[in-house]
1. Go through LYS138, LYS150 for me and flag whichever is within 23 Å of ILE76 (Cα to Cα) and touching a helix residue (DSSP H, G or I) at 6+ places or on another chain (Cβ under 7 Å).
2. Could you look through the stretch 68-89, keep only residues that are exposed (fewer than 15 other Cβ atoms within 10 Å of the Cβ) and not in a strand (DSSP E or B), and pick out the one that is modelled with the lowest pLDDT?
3. Every residue in the stretch 90-104 that is surrounded by 13 or more Cβ atoms within 10 Å (Cβ to Cβ) and either touching a residue at least 60 places away in the same chain (Cβ under 8 Å) or more than 13 Å from the chain's Cα centre (by Cα) (or both), please.
4. Restricting attention to the stretch 97-113, does a residue exist that is among the hydroxyl-bearing types (Ser, Thr, Tyr) and assigned to a strand (DSSP E or B)?
5. Can you pull out every residue in the stretch 53-62 that is buried (at least 17 other Cβ atoms within 10 Å of the Cβ) and either within 16 Å of GLU143 (Cα to Cα) or in contact with a Lys or Arg (Cβ under 7 Å, 6 or more places away or on another chain) (or both)?
6. Please verify whether the stretch 26-44 includes one or more residues that are of a type in the set (D, E, K, R) and modelled with pLDDT of 90 or more.
7. Would you mind telling me which numbered condition in (1) out of contact with any helix residue (DSSP H, G or I) (no Cβ under 9 Å at 6 or more places or on another chain); (2) within 20 Å of GLU38 (Cβ to Cβ) ILE76 fails?
8. Restricting to the stretch 105-120, what's the tally of residues that are in contact with a helix residue (DSSP H, G or I) (Cβ under 8 Å, 6 or more places away or on another chain) and surrounded by fewer than 17 Cβ atoms within 10 Å (Cβ to Cβ)?
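The values are calculated or read from the model by the stated rules, or taken from the named source; none is laboratory data. Because the structure is predicted, anything quoted here is derived from the model rather than measured. Glycine also receives a Cβ, built like all others from the backbone with ideal geometry; neighbour counts cover every protein chain displayed.
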Amino acid sequence: MVNPPKKFQVEQKTIKRIKELPFVSVLVRTMARFFQKEKRVIAIPIKDNQGLGSELNPILAHANFFLIINTDHKEIKDFYSINNPYAQEETGAGIKTAHYLAKKGIDVLITLEIGSIALRALRGKGIDVYINQAKTAKEVIEELFNQELKRMQGAKKKG
């Protein structure tokens, strides 16, 4: 039996160690999902239930509704709104809302403001979070399709 070259053995050990790091695992899964998946489920916090014309709610945790948009190859296939059962919570609304949205199967969240705990929870589930400045849900989706949105780097507020 022929032993593989030492260089190959070292590379394999390095790859194994990198894969064991939790943040690398999440990053690799997120990037693979984002670049390979053409069908996405997008959540946008909204103030009112007016479909794509809905005005955005600036704060994730206290949005009364979320517009859920199913897309395929940069086309909107369908959309619907859901209530945020944690909108009136005084404490822990962000993390509860993040887990709620993750259970709904979203891939992308587009928001103006999010707390650090909710952001970490969503990223931990492999959900991409983007910042927006648009006024309506339709404008946000157009910005996403045109790759004009910036991926959120850090939360705007603690908690």
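1. Numbers: LYS150 fails: touching a helix residue (DSSP H, G or I) at 6+ places or on another chain (Cβ under 7 Å).
Exactly one residue qualifies, and that residue is LYS138.
2. Only one residue tops the list, namely HIS73.
3. Answer for the stretch 90-104, where residues must be surrounded by 13 or more Cβ atoms within 10 Å (Cβ to Cβ) and either touching a residue at least 60 places away in the same chain (Cβ under 8 Å) or more than 13 Å from the chain's Cα centre (by Cα) (or both): GLY92, ALA93, GLY94, ILE95, LYS96.
4. Pass one, the stretch 97-113, residues among the hydroxyl-bearing types (Ser, Thr, Tyr): 97, 100, 111.
Filter again for assigned to a strand (DSSP E or B), leaving 111.
Within the stretch 97-113, one or more residues are among the hydroxyl-bearing types (Ser, Thr, Tyr) and assigned to a strand (DSSP E or B).
5. SER54, LEU56, ASN57
6. Taking the stretch 26-44 as the starting set, the residues that turn out to be of a type in the set (D, E, K, R) are 29, 33, 37-40.
When the remaining residues are screened for being modelled with pLDDT of 90 or more, the result is none.
No; the residues of the stretch 26-44 include none that is of a type in the set (D, E, K, R) and modelled with pLDDT of 90 or more.
7. (1)
8. The qualifying residues number 1.
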